[in-house]
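Participant: This is the structure I want to talk about, given as structure tokens.
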Amino acid sequence: MKKPQWITIIVAVLLVAAIYTLGKTTPSKKTIPLTDNQQHSEDDGHDHGNTKVSITIDTILLMAKKQLTTDQVVRLNALENSITRGDVKVQQLRVYHQLSHFWKDSAKIFEPYAWYEAEAARLENSEKTLTFAARLFLENLQNDDLEQRRQWKALQAKDLFERSLKINPDNDSAKVGLGACYLFGNISAMPMEGIAKIREVVEKDSTNIYAQMTLVKGTMISGQYDKAISRLQTVLGMQPDNIEAVLLMADMYERKGDKVKAIEWYQKSLSFIKPADIKSAIEQRILELRK
């Protein structure tokens, strides 16, 4: 596997494992395959300003349903048709949660799962649920290699973070998340717009780990490895056992061609990693660097 894909996957696996350990919702395993003739310029039903996205929720649901078994289709149709009468908002919220659990637990497909979590959050309109749904999209899109699908996820996250910030304008995590949507989602002709939003938080609070790590990833994208290392040093000064920062530090030195430093940081990471397969992969990488 080529760099930097290798380190990205290792970090992603570790973060998913950490989320699972903490008892939070883990992402569904499958994603929606989309071909060029299935991508078209329509709006998804939510206002995102002047930005247009070429993948819609209708396309996503259509493709997702093609991956279901006959029994799953029957169950899904029953859920989709279950809003008939009574208190529509309460009923709708309940069905959205049922649909999200269906796509997560039964179908194991991420996009419709996150979509229905987002729809429930929009209907409930609480800071907690809006931020949770936004983070689902944001964390997933960073490992999505299809630009149109990644952009769609970024726009969903942006909308949700903006709604959350209307409720609590002082939520720094939501501000960083909003900036990250621009940074990783390619939803603006001015990517520095995202950096600026994140820097506002860092300038106010340099100890904000989430903001610092997001800026690290931004400098990685632009190839500013020395800046990334400097920010990682700041993070590790506050959290020496931050496994993501340790692995990214190794990655930065490897990208710079400093194998000695890269090996040193990969070795440091081994003391923080429990899964045997991941530890073995890192040990193999160390051996390759020593050749």
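The values are calculated or read from the model by the stated rules, or taken from the named source; none is laboratory data. Nothing here was measured: the structure is a model prediction, and the numbers come from that model. Neighbour counts are summed over all protein chains in view; Cβ atoms, including those assigned to glycine, are modelled from backbone coordinates with ideal geometry.
Per-residue answers, yes or no, for (1) among the polar types (S, T, N, Q); (2) without any contact (Cβ under 8 Å) to a residue 24 or more places away in the chain; (3) assigned by TED's automatic domain parsing to the domain that holds Thr214:
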{"site": "Ala121", "(1), (2), (3)": "no, no, no"}
{"site": "Thr129", "(1), (2), (3)": "yes, yes, no"}
{"site": "Glu139", "(1), (2), (3)": "no, no, no"}
{"site": "Asp144", "(1), (2), (3)": "no, no, no"}
{"site": "Ala154", "(1), (2), (3)": "no, no, no"}
{"site": "Ala157", "(1), (2), (3)": "no, no, no"}
{"site": "Leu160", "(1), (2), (3)": "no, no, no"}
{"site": "Lys175", "(1), (2), (3)": "no, no, no"}
{"site": "Leu178", "(1), (2), (3)": "no, yes, no"}
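Participant: When you scan the stretch 217-237, do you find a residue that is outside the structural domain of Val176 (by TED's automatic domain parsing), in contact (Cβ under 8 Å) with a residue 12 or more places away in the chain and not in a helix (DSSP H, G or I), even just one?
Facilitator: no
Participant: What is the number of the single condition among (1) under 24 Å from Val73 (Cβ atoms); (2) over 12 Å from the mean Cα position of the chain (by Cα) that Thr129 does not meet?
Facilitator: Thr129 satisfies all of (1) under 24 Å from Val73 (Cβ atoms); (2) over 12 Å from the mean Cα position of the chain (by Cα) except (1).
Participant: Follow-up. Would you point out the residue of the stretch 164-203, among those that are of a type in the set (D, E, K, R) and part of a helix (DSSP H, G or I), that is farthest from Ala134 (Cα to Cα)?
Facilitator: Taking the stretch 164-203 first, the residues of a type in the set (D, E, K, R) are 166, 170, 172, 175, 193, 197, 199-200, 203.
Narrowing further to those that are part of a helix (DSSP H, G or I): 166, 172, 175, 193, 197, 199-200, 203.
Numbers: Lys166: 14, Asp172: 14, Lys175: 12, Glu193: 18, Lys197: 16, Arg199: 20, Glu200: 20, Glu203: 24 Å.
Here the residue is Glu203.
Participant: Can you spot a residue in the stretch 127-144 that is in contact with an Asp or Glu (Cβ under 9 Å, 6 or more places away or on another chain), surrounded by fewer than 23 Cβ atoms within 10 Å (Cβ to Cβ) and of a type in the set (A, V, I, L, M)?
Facilitator: No, that holds for no residue.
Participant: Give Ile263, Ile278 a once-over and let me know the one that is in contact with a Leu (Cβ under 9 Å, 6 or more places away or on another chain), over 24 Å from Asn143 (Cα atoms) and among the β-branched types (Val, Ile, Thr). Talk me through it step by step, then tell me what you get.
Facilitator: On the way: Ile278 fails: over 24 Å from Asn143 (Cα atoms).
The conditions single out Ile263.
Participant: Another question about this same structure. In the set Phe132, Phe102, which member is out of contact with any Phe, Trp or Tyr (no Cβ under 9 Å at 6 or more places or on another chain) and of a type in the set (Phe, Trp, Tyr)?
Facilitator: Going through Phe132, Phe102 in turn, the sole match is Phe132.
Participant: Of a type in the set (Phe, Trp, Tyr) and within 29 Å of Gln151 (Cβ to Cβ): does that describe Tyr210? Reasoning before the result, please.
Facilitator: On the way: of a type in the set (Phe, Trp, Tyr): yes; within 29 Å of Gln151 (Cβ to Cβ): yes.
Yes: the conditions hold for Tyr210.
Participant: So, of the residues in the stretch 155-175 that are farther than 19 Å from Ala114 by Cβ and touching a Leu at 6+ places or on another chain (Cβ under 8 Å), which turns out to be surrounded by the fewest Cβ atoms within 10 Å (Cβ to Cβ)?
Facilitator: As a first pass, look at the stretch 155-175 and keep what is farther than 19 Å from Ala114 by Cβ: 165-172, 175.
Of the ones still in play, those that are also touching a Leu at 6+ places or on another chain (Cβ under 8 Å) are 165, 167, 171, 175.
Numbers: Leu165: 18, Ile167: 14, Asn171: 17, Lys175: 21.
In this case the residue turns out to be Ile167.
Participant: Now for a separate question. Is there any pair linking a residue in the stretch 265-286 that is touching a residue at least 24 places away in the same chain (Cβ under 8 Å) to one that is in a helix (DSSP H, G or I) and of a type in the set (Gly, Ala, Ser), with Cβ under 9 Å and at least six apart or on different chains, and which?
Facilitator: Within 9 Å, the pairs are Ser269/Ala250; Pro275/Ala17; Ile278/Ala17; Ile282/Ala250; Ile282/Ser269; Arg285/Ala250; Arg285/Ala262.
Participant: Okay, next question. Answer with yes or no whether Thr59 is under 26 Å from Leu165 (Cα atoms) and of a type in the set (Val, Ile, Thr).
Facilitator: In short, no.
Participant: I've got another one for you. Quick check on Glu264: is it in a helix (DSSP H, G or I) and at pLDDT below 95?
Facilitator: Numbers: in a helix (DSSP H, G or I): yes; at pLDDT below 95: no.
Spelling it out, it is not the case that Glu264 is in a helix (DSSP H, G or I) and at pLDDT below 95.
Participant: Still on this structure, I have one more. Quick check: anything in the stretch 277-284 on the phi > 0 side of the Ramachandran plot, surrounded by fewer than 19 Cβ atoms within 10 Å (Cβ to Cβ) and either of a type outside the set (D, E, K, R) or not assigned by TED's automatic domain parsing to the domain that holds Tyr182 (or both)?
Facilitator: Looking only at the stretch 277-284, we keep the residues that are on the phi > 0 side of the Ramachandran plot, and these are none.
No, every residue in the stretch 277-284 fails to be on the phi > 0 side of the Ramachandran plot, surrounded by fewer than 19 Cβ atoms within 10 Å (Cβ to Cβ) and either of a type outside the set (D, E, K, R) or not assigned by TED's automatic domain parsing to the domain that holds Tyr182 (or both).
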